[in-house]
Every structure is written in C-alpha cells, then in structure tokens.
1. Considering only the range 177-199, how many residues are in contact with a strand residue (DSSP E or B) (Cβ under 9 Å, 6 or more places away or on another chain) and either over 19 Å from Ala147 (Cα atoms) or not assigned by TED's automatic domain parsing to the domain that holds Asp239 (or both)?
2. Taking strands (runs of 3 or more DSSP E) that do not extend beyond the range 1-77, which have at least 2 residues that are β-branched (Val, Ile, Thr)?
3. Considering only the range 27-49, I want to know if a residue exists there that is surrounded by 16 or more Cβ atoms within 10 Å (Cβ to Cβ), out of contact with any strand residue (DSSP E or B) (no Cβ under 6 Å at 6 or more places or on another chain) and of a type outside the set (Phe, Trp, Tyr).
4. Give the number of residues within the range 189-233 that are among the β-branched types (Val, Ile, Thr) and surrounded by 13 or more Cβ atoms within 10 Å (Cβ to Cβ).
5. Name every residue in the range 240-289 that is under 17 Å from Leu29 (Cβ atoms) and over 21 Å from the mean Cα position of the chain (by Cα), in order of residue number.
6. Going by the structure shown, is Asn269 in contact (Cβ under 8 Å) with a residue 24 or more places away in the chain, in a helix (DSSP H, G or I) and closer than 23 Å to Pro96 by Cα?
7. Could you grab me the full set of residues in the range 249-265 that are surrounded by 17 or more Cβ atoms within 10 Å (Cβ to Cβ) and within 19 Å of Asn210 (Cα to Cα)?
8. Can you find even one residue in the range 70-91 that is outside the structural domain of Ser224 (by TED's automatic domain parsing), under 19 Å from Ala204 (Cβ atoms) and not hydrophobic (A, V, I, L, M, F, W, C)?
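The values are calculated or read from the model by the stated rules, or taken from the named source; none is laboratory data. Source: prediction; values computed, not measured. Cβ: placed from backbone, ideal geometry, glycine included. Neighbour counts: every protein chain shown.
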Amino acid sequence: MAEWESPSNIALVKYWGKKTGQLPLNPSLSMTLSRAITRTSITAVASVEGKDKLMVNGDTNHLFVPKLQKLVKWLSAEIPVLEKYSLQVKTSGTFPHSTGIASSASGISAFSLCLLSIVSELTGKEITEEEFLRIASYVSRMGSGSACRSVYGGFSLWGETPGLPDSSNLYAIAINDKVHPDFMKMRDAILIVSSSRKSLSSTAGHELMNTHPFAAVRISQALSNIQETMNALQSGDFDKLGTIAETEALTLHSLIMTSGGGTILLEPNSLAILKRVQLARKRGVQVFFTLDAGPNVHLLYPDNGNDTVENFIREELTQFCENGQVIFDRCGEGPTSIKKEWQREP
C-alpha cells in the first residue's frame, strides 16, 4: 500500500496544445499550491482470474477509472510486474474537480506517486529522491500533461526551453534555485465561481490547437513569456510576473473562444471579478488574476499584502462566488508521502 497527498498547480505560462506522445506544443511554467490537494492511496492485491484490475473508491465504473486504466496499461508495458496485481484506489480532494482548477494535475500526480512507490517495493530497486521525482513527473505526464509539474514544490517548468539545458518535453524540472525568496511565499486565492463540470474537457481543448489558425503565434508568444517570467521570478518583480500571468490567462481563453465551436468557459461572474481586480489595482491594491481552462479565478498577491487583498476579496468578490466559496492558498512545498505500509497476503 502507498498513500500520497499531491497538490494542484497554477500555470503562470500556460500549456495548451500537444503533440503525439503527450508532448507539449510550448513550454509552461507553474506554481505548486499548498491547500488544493488530492489524497490518494493504492492497495495492490495479487490478481485473481476474472477480477477487476482497477477500482476507485470501491467503484469499477468511477469517472476516473478509464484514465487511470490507460496510465496503468502504459506503465505495465514498461514494468510487467504490475500486470500481476489488481489496484484498489481511494481518493479524495479539497477542491472541486473538472472545473478548471487543475484537478487532474493533482489527482494524476498523486496516483503516479503511489504507483511508483508500489513499483519500487515490488521490484526492490532503490533510487534517489531526485530520480524518483523525475520518473514520477514522466509517468504523471502520460496521464495528464500539467500533472508532471505537480510533483515538485515551489515553481516548476515543463518543456524544452532555450537557456535551460535541463528542461525537457518528457518531464518537468524544479526551478526554485532561480526564484527570488519572496515568490516562495506568494499567495493564491482561488475564487470558485462554479463547481459545475466544465463544458470543454482539457483533452478536447488541446486537440483544437492542432488546427488553430493562431497556433504558431501562440507558441512564439509562450516562449517569449517563459523568458520574461523567468526574469521576473529571479529579480523579484511581482508586477511584471502578474502582468504576464494575466496576459497568459486572457490568451488561453481567447484561443478557446476562437477554436472550432467557439466555446466560452468564462461565466458573467468570472468577468465581474476580473474587472473588479483591475479597478482595485488602480487603487493601489497589488493583486493580479489568472485562470486555467474554466470559470474559476486565481488571484495572485504577495505575502506582505495578504491582509489588504483578502479584505478586498471578502468585501467585494465573494458575492460573485458560488456560496461565497474561496480557497485561500499559497505557494506549496509539493507532494507528501502519508504512509508506506506494505501488506502481503500470508
């Protein structure tokens, strides 16, 4: 048995569009969160003929089963010992799933970390923590691209990037050694505009980029924004970082709206929040917004401005949130192994 908690992450430079093999069209850069987490355990049981190979929370028809089955099948081809076991998965989270808050990043990374912990025990192969996390990032990527960034705390980057020789399309890398200490305490308030399942899955959205007329321009923009974001992170320039994050969020939704079908994921309350944030900044409140592919809004602000921003959120923005729901989060330290109990049948 293995059990892990793994957080969501918020991309400051977005991953949107992929090539064959779950490889990104452009590099992305994210901050790992602290409180928006998924807790997952896997119990591996010696397979019995005809027994279901995978169940989630006791349900073989659970919504997550197909995606997890696909990942296990892929990994079993590399590590055949997995085929001898059925997997019983228990999972729960602290935030709404399938609503554009990178729930798949959190869930798939937690699942992959558990799976690799079990594989390590079954094979008896010892590896360093650095190697373990790199493999976990590689495996997570095959289940959900953004999940490869959630295996690291702080800030991480996924995708080949000029000037970063360790960067790769196959897995993410930690970049905390290039980040000003102030950013390691950055706050992120997640405003839940809607907990309903979003109308466009990330998988379908990525596919739309294959024929998008602005794809080439977007790739060029992302490469430029990665470099500018790295400069801002290193220098401690919060305003520059926030400006890029807002541009990236608006670009993402522009790409979605101008794809085939013209999907609109923003809700009226999403737009109301964005406008209030812009007005607050004119009053001197140091806060910026970003969004993933959904209606829910992330607000980024420095640790030393948390009282001002959080008062602003409570007084002006909770009215636009579903049941007033806000997750006050911050830059996190990454996944945590809850326990490691190996139980074999006598």
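1. Quick first cut of the range 177-199, residues in contact with a strand residue (DSSP E or B) (Cβ under 9 Å, 6 or more places away or on another chain) only: 178-179, 183-193.
If we keep only those that are either over 19 Å from Ala147 (Cα atoms) or not assigned by TED's automatic domain parsing to the domain that holds Asp239 (or both) too, we end up with 178-179, 183-187, 189, 191-193.
Matching residues across the range 177-199 total 11.
2. Details: elements: 2-13, 28-46, 54-56.
So the answer is 2-13, 28-46.
3. Checked against the condition, which is being surrounded by 16 or more Cβ atoms within 10 Å (Cβ to Cβ), out of contact with any strand residue (DSSP E or B) (no Cβ under 6 Å at 6 or more places or on another chain) and of a type outside the set (Phe, Trp, Tyr), the range 27-49 yields no hits at all.
4. First, pick out the residues of the range 189-233 that are among the β-branched types (Val, Ile, Thr): 190, 192-193, 203, 211, 217, 219, 226, 229.
If we keep only those that are surrounded by 13 or more Cβ atoms within 10 Å (Cβ to Cβ) as well, we get 190, 192-193, 219, 226, 229.
Number of matching residues: 6.
5. The answer is Lys240, and nothing else.
6. Details: in contact (Cβ under 8 Å) with a residue 24 or more places away in the chain: yes; in a helix (DSSP H, G or I): yes; closer than 23 Å to Pro96 by Cα: yes.
For Asn269, the condition - in contact (Cβ under 8 Å) with a residue 24 or more places away in the chain, in a helix (DSSP H, G or I) and closer than 23 Å to Pro96 by Cα - is met.
7. Within the range 249-265, the first condition is being surrounded by 17 or more Cβ atoms within 10 Å (Cβ to Cβ), and the residues that meet it are 249, 251-253, 255-256, 259, 263, 265.
Across the range 249-265, the qualifying residues are Thr251, Leu252, His253, Leu255, Ile256, Ser259, Thr263.
8. As a first pass, look at the range 70-91 and keep what is outside the structural domain of Ser224 (by TED's automatic domain parsing): 70-91.
Checking which are under 19 Å from Ala204 (Cβ atoms) leaves us with 70-71.
After this cut, where a residue has to be not hydrophobic (A, V, I, L, M, F, W, C) as well, the list is 70.
There is at least one residue in the range 70-91 that is outside the structural domain of Ser224 (by TED's automatic domain parsing), under 19 Å from Ala204 (Cβ atoms) and not hydrophobic (A, V, I, L, M, F, W, C).
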